[in-house]
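One structure is given here, and the rest of the page talks about it.
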Amino acid sequence: MSKLRLLSIALITLYFVNTGYSQVDLGLNAMLGLPQGEFKENIDNVGFGLAGHFSWSPNRSVPFSVGLNLGFLTYGSQTKRVPFSTTIPGVTVDLTESNNLVNFHVLFKIIPQAGKFRPYLEGLFGGAYLYTESKIENASKGEEIASSTNFSDWAWSYGAGGGMMIWVYEGKDDVSGRPLPIYLDIKARYLLGSRAEYLKEGSIRNIGGGNVAYDVLKSTTDMLSIHLGAVIFF
């Protein structure tokens, strides 16, 4: 691409931003994760977590935006009381083993840029980091003493989703006077994930002598997620 073309694109983008034609939205939502396909055969419980996004539209008259999405999901957790060590069996701590997933996606969205009801479609491409963490806490105070990542892997993922934004409140920027509408956001996404290795509840076994064994699972990592949250437009 020529330097002149790159300069033209930069100037046009800057023009849209400075003249107020662009639009930015920020969202935060609670998320339920339902494993699908092979993943569901190994993980039969629902995950819980949070997700957030940032997206930008270069022009308020164009029903398209691009952005980034980040989510955190726990799809299994168990806590048990255990001796602090084999040499101090009289002192106990709470041991929590949690199976987690962090995903990161580039987000493409087709959405009306105005209105009290905004139905939309999404496309996503990125990946997910799956990891199992163990931590010990003071049994009486709940203070964390130590933690460690037992196992982790990465999976690529892509998919699509859709939802509805419903207007609930109209704020105003004190400096520019521009309206800052806030919407209730309800949506669902289906992500196709590549094969990865991971653990689930009960995958870490104590085999004595201070040693543990891992029952590692491997499958595709497809996921259906359901979201409920809020979005603010700038």
Note to self: Please list, in order along region 150-164, the HN-Hα scalar couplings obtained from phi with the Karplus expression 6.51 cos²θ - 1.76 cosθ + 1.60 (θ = phi - 60°), rounded to whole Hz, x for Gly and Pro.
What the structure shows: 7, 7, 7, 7, 10, 9, 6, 8, 8, x, 9, x, x, x, 9
Notebook entry, point to check: Kirkwood hydrodynamic radius for region 110-207: how many Å is it when counted over pairs of different Cα atoms?
Noted result: 18.0 Å
Check: Mind ordering 65-78, 147-160 by average Cβ neighbours within 10 Å, highest first?
Finding: 65-78, 147-160
Next item on the list: Please give the FRET efficiency for Ala188 paired with Arg60, using the beta carbon to beta carbon distance and R0 = 35 Å, rounded to the nearest 0.05.
Entry: 0.85
Checklist line | Interchain or long-range residues, amide H under 5 Å from Asn59's placed H | finding: Gln23
Next item on the list: Report the normalised scattering of region 102-143 as log10 I(q)/I(0) at q = 0.23, 0.24, 0.25 Å⁻¹, calculated by the Debye formula with identical scatterers on the alpha carbons.
Entry: -0.87, -0.89, -0.92
Margin query: Starting from 0.36 nm per residue, how many nanometres of slack lie between Arg205 and Met164 once their C-alpha separation is accounted for?
Written below: 10.3 nm
Checklist line | Simple label model, 7 Å out from Cα along Cβ direction - Phe234 to Arg195, nm | finding: 4.4 nm
Check: Taking 0.36 nm per intervening residue step and subtracting the Cα-Cα distance, what contour gain separates Thr74 from Asn45 on full extension?
Finding: 9.4 nm
Check: For region 67-83, what does the Karplus curve 6.51 cos²θ - 1.76 cosθ + 1.60, with θ = phi - 60°, yield as ³J(HN,Hα) per residue in whole Hz, taken in order and with x for Gly and Pro?
Finding: x, 10, 10, 9, x, 10, 9, 9, 10, x, 7, 9, 10, 9, 8, 9, x
Item checked: Other-chain or far-sequence residues with amide H under 5 Å of Ile111's (modelled H) -> Phe64, Ser65
Note to self: List the residues, sorted by chain then number, that are 5 or more residues from Thr92 or on another chain and whose placed amide H is less than 5 Å from its amide H.
What the structure shows: Phe84
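Where a number appears in this text, it was derived from the coordinates with a stated rule and is not lab data. Computed from a predicted model, the values in this text were never measured in an experiment. Heads up, the Cβs are rebuilt from the backbone with ideal geometry, glycines too, and the neighbour counts pull from every protein chain shown.
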